[in-house]
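Sharing a structure with you now.
Laboratory data are not the source of any read-out in this text; all were calculated from the coordinates shown. Please read these numbers as outputs of a predicted model, since none were measured by experiment. Methodologically, a virtual Cβ is constructed for each residue, glycine included, from the backbone with ideal geometry; neighbour enumeration extends over all protein chains shown.
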Amino acid sequence: MRIGELASRSGVSVRSVRYYEEQGLLTSTRSPSGQRHYSDDEVERVAFIQALYAAGLSSRTIAELLPCVDAPSEENSDSALERMALERERLSAHIADLVQTRDTLDTLMSRARAHREQLVKATTKTTAAAG
């Protein structure tokens with residue numbers, strides 16, 4: 001199938017398919033005129049790549065995981081699981097950083113609300129005294 005059909009069948013853009021190929025995640029054969037041709041199996045591979053991206057993995061990490069798909073073995077499976085565990089740790093650390101950042105923002109918002117309340121009280125006293 002040609003690139004447009006692969007994109008359509010897998011629900012991604014033609015640009016994404018080209019990117020996957022540039023990153024070494026997907027391969028095609030070329031016609032004499034240079035058009036890309038893909039097998040039916042590539043639809044499933046694109047879906048798998050999309051799932052890995054949705055899990056927060058980079059194209060570099062995905063490339064490291066693909067030997068598990070391309071050449072299934074106990075060693076490749078162990079390697080893929082180990083790599084995914086490292087990515088999970090990275091994501092967990094990032095989540096912890098985001099939670100801390102959110103908590104800092106919550107503290108600043110609380111201080112801003114308290115300051116605003118003081119301004120409102122001061123304005124109310126000034127208005128009452130002038131009246």
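Looking only at segment 74-102, count how many residues are among the charged types (D, E, K, R) and surrounded by 12 or more Cβ atoms within 10 Å (Cβ to Cβ).
4
From the residues in segment 20-34 that are hydroxyl-bearing (Ser, Thr, Tyr) and loosely packed, with under 15 Cβ neighbours inside 10 Å, which one is nearest to Ala71 (Cα to Cα)?
Applying the filter and picking the extreme gives Thr27.
While we're looking at this one, here's another question. What are the pairs with Cβ atoms under 7 angstrom where one residue, in segment 2-18, is under 13 Å from Val43 (Cβ atoms) and the other, located anywhere, is surrounded by 13 or more Cβ atoms within 10 Å (Cβ to Cβ) and of a type in the set (Asp, Glu)? Sequence gap at least six, or different chains.
Final answer for the pair search is Leu6/Glu42.
Of all residues being of a type in the set (D, E, K, R) and closer than 15 Å to Ser10 by Cβ in segment 35-69, which is surrounded by the most Cβ atoms within 10 Å (Cβ to Cβ)? Just the residue, please.
Restricting attention to segment 35-69, the residues satisfying the condition of being of a type in the set (D, E, K, R) are 36, 40-42, 44-45, 60, 64.
Now narrow it down to the ones that are closer than 15 Å to Ser10 by Cβ: 36, 40-42, 44-45.
On the way: Arg36: 19, Asp40: 9, Asp41: 8, Glu42: 22, Glu44: 12, Arg45: 20.
Checking each candidate, the answer is Glu42.
If you don't mind, there's one more thing I want to ask. Does at least one position in segment 27-50 carry a residue that is out of contact with any Cys (no Cβ under 8 Å at 6 or more places or on another chain) and over 30 Å from Arg2 (Cβ atoms)?
no
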